[in-house]
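One structure is given here, and the rest of the page talks about it.
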Amino acid sequence: MEFLRGVLGFIGIGCAYMMGRSAGAVRQGWQKPSRLYGWIIRTFLCLAAITIRHALDAASIAIWTLSAVVFGVALWDSSREKKQEEVKLAIFPDDE
């Protein structure tokens, strides 16, 4: 059961990351809010399932904290401007 709890924690952290990316995309107007709501539900269910059988312990606190940090990093990463790489220069460098 502890192994499944850990797997659920990793899935919850991944869902928190996708929730952050989706929140950034909704904020930019690239996605519909319904996708964000789906990631919120998935994240909450995974992280809530960790605490069902056990009381609040160090593993639960660590997973919840890491999920919050990952959410913040994903939101920051998706909301900043990204540079476009010049593919043409990478494939065909100047032959001078």
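Residue pairs whose Cβ atoms lie under 9 Å apart, separated by 6 or more positions or on different chains, with the first residue in segment 1-23 and within 14 Å of GLY38 (Cβ to Cβ) and the second among the basic types (Lys, Arg), are CYS15/ARG42; MET18/ARG42; MET19/ARG42; SER22/ARG35.
Report whether or not VAL26 is β-branched (Val, Ile, Thr) and under 16 Å from LEU66 (Cα atoms).
Values: β-branched (Val, Ile, Thr): yes; under 16 Å from LEU66 (Cα atoms): no.
In short, no.
Values quoted throughout were computed directly from the atomic coordinates according to the rules given, and no laboratory measurement underlies them. Keep in mind the model is a prediction, meaning the values are calculated, not measured. So basically every Cβ, Gly included, is an ideal-geometry build from the backbone, and we count neighbours across all protein chains shown.
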